[in-house]
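Notes follow the structure.
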Amino acid sequence: MSTPSATGVAATVRRVPRWLSLPPLVAIAVLLVYPTVFVVAASFTRTTLARPLQEWTGFANLTSALQTEAFAGSLVRTLVFAVSAAVLATAIGTVVALLLRARGGGFGVLGTLLLLPLVTPPVMVGVAWKLLLAPAGGALTSTVSSVVGAPVNPLGSSGTALGTLVLIHVWQWTPLVVLLVFAALLGVPDELLEAAALDGAGALRTFTAVTWPVVAPTVLSVLFLELVVGFKVFDLVAVVTSGGPGLSTVVASFEVFRTGLRGDYDVGTAAAMTLVLGLLVGVVTAGVSALRARAARAEA
């Protein structure tokens, strides 16, 4: 039985109609290009929810956004939230994945149970934790208050509210780190681990010399993903604290929402805020991408 030649296969590929690429191109244009162009246009014009793109204003929206105390503070809080949550979730998730892998075998029932926070809808996560941390009748706050002998209200203090949201976010997204890092650990050759054990290498030495070079690109990729998730957090803030107390938990995405979809519906200023937030996210994630690329080259 004859097999098709490479020339015949190439000719067949060339005969695929180009119009077949039209549906995904249209989807990209509708879902990505148009919203991006509109946000850029709105950021340089006087735009409200009812009357978009009324007149050119230049950098007035950008100046107004940067001079707003709420937005300037929200950028700092967003950076603190995203970086701290990403680092904590990645570190804890990596340790848990290592412990699961040390048990031997597959992910197991325990690993599956650890994924429950990840598959819970974010709004339900927020509602559950808001009830647990309620100052009156909250199961967790009541227990802690009875232990320490004083009322506890972590969401009611501007000094602890943002940190509490970070811990809730870490609780929800650490399972994703566990899942991805555990999958990467399966790629560590057993021969190398056995050789390290025969050479008398301890657990720390085995991790730094054998395991880490293999899983480092994956861990840094997960860190990148966790940063992006942290920068775009909105539902958790909206459900649990609504930005309070005061402005202590107003992150940039929530401030964009408040500016564009509440009050004066100033979509132009909200669009300018979105561009600034996008620039901040790009700078931070570019650094992580560079580290990840360096780790991948080192592994190769």
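The values are calculated or read from the model by the stated rules, or taken from the named source; none is laboratory data. If you're wondering where the values come from, they're calculated on a predicted model, not measured in any experiment. Heads up, the Cβs are rebuilt from the backbone with ideal geometry, glycines too, and the neighbour counts pull from every protein chain shown.
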Checklist entry - Is it true that some residue in the range 238-246 is closer than 27 Å to VAL123 by Cβ and among the hydroxyl-bearing types (Ser, Thr, Tyr)? => result yes
Checklist entry - Does VAL76 fit the bill of being closer than 20 Å to VAL240 by Cβ and out of contact with any Leu (no Cβ under 9 Å at 6 or more places or on another chain)? => result yes
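Take VAL178 and tell me if it is more than 21 Å from LEU79 (Cα to Cα) and either out of contact with any helix residue (DSSP H, G or I) (no Cβ under 9 Å at 6 or more places or on another chain) or at pLDDT 90 or above (or both). Let's see the steps before the verdict.
Numbers: more than 21 Å from LEU79 (Cα to Cα): yes; either out of contact with any helix residue (DSSP H, G or I) (no Cβ under 9 Å at 6 or more places or on another chain) or at pLDDT 90 or above (or both): yes.
Yes.
Conditions tested, residue by residue: (1) more than 30 Å from ALA134 (Cβ to Cβ); (2) assigned to a helix (DSSP H, G or I); (3) touching a residue at least 12 places away in the same chain (Cβ under 8 Å).
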{"residue": "PRO154", "(1), (2), (3)": "no, no, yes"}
{"residue": "SER157", "(1), (2), (3)": "no, no, yes"}
{"residue": "GLN172", "(1), (2), (3)": "no, yes, yes"}
{"residue": "LEU176", "(1), (2), (3)": "no, yes, yes"}
{"residue": "LEU180", "(1), (2), (3)": "yes, yes, yes"}
{"residue": "LEU193", "(1), (2), (3)": "yes, yes, yes"}
{"residue": "GLY200", "(1), (2), (3)": "yes, no, no"}
{"residue": "ALA209", "(1), (2), (3)": "yes, yes, yes"}
{"residue": "PRO217", "(1), (2), (3)": "yes, yes, yes"}
Next on the checklist: Name the single residue that is farthest from the chain's Cα centre (by Cα) among those in the range 107-137 being assigned to a loop (DSSP other than H, G, I, E, B) and under 18 Å from LEU176 (Cβ atoms).
Outcome noted: PHE107
Next on the checklist: I'm checking my understanding of the structure. Among residues of the range 36-53 that are surrounded by 14 or more Cβ atoms within 10 Å (Cβ to Cβ) and in contact with a Phe, Trp or Tyr (Cβ under 7 Å, 6 or more places away or on another chain), which one is modelled with the lowest pLDDT?
Outcome noted: THR48
Checklist entry - Of everything in the range 160-196 that's small (Gly, Ala, Ser) and surrounded by 13 or more Cβ atoms within 10 Å (Cβ to Cβ), which residue is nearest to THR112 (Cα to Cα)? => result ALA183
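Please verify whether SER221 is of a type outside the set (A, V, I, L, M, F, W, C), surrounded by 17 or more Cβ atoms within 10 Å (Cβ to Cβ), under 18 Å from the mean Cα position of the chain (by Cα) and part of a helix (DSSP H, G or I), treating the condition exactly as stated. Break it down stepwise before answering.
Details: of a type outside the set (A, V, I, L, M, F, W, C): yes; surrounded by 17 or more Cβ atoms within 10 Å (Cβ to Cβ): yes; under 18 Å from the mean Cα position of the chain (by Cα): yes; part of a helix (DSSP H, G or I): yes.
Against the criterion (of a type outside the set (A, V, I, L, M, F, W, C), surrounded by 17 or more Cβ atoms within 10 Å (Cβ to Cβ), under 18 Å from the mean Cα position of the chain (by Cα) and part of a helix (DSSP H, G or I)), SER221 qualifies.
Please find, among THR63, THR94, THR90, THR78, the residue that is assigned to a helix (DSSP H, G or I), surrounded by fewer than 17 Cβ atoms within 10 Å (Cβ to Cβ), out of contact with any strand residue (DSSP E or B) (no Cβ under 7 Å at 6 or more places or on another chain) and not aliphatic (A, V, I, L, M).
Numbers: THR94 fails: surrounded by fewer than 17 Cβ atoms within 10 Å (Cβ to Cβ); THR90 fails: surrounded by fewer than 17 Cβ atoms within 10 Å (Cβ to Cβ); THR78 fails: surrounded by fewer than 17 Cβ atoms within 10 Å (Cβ to Cβ).
It is THR63.
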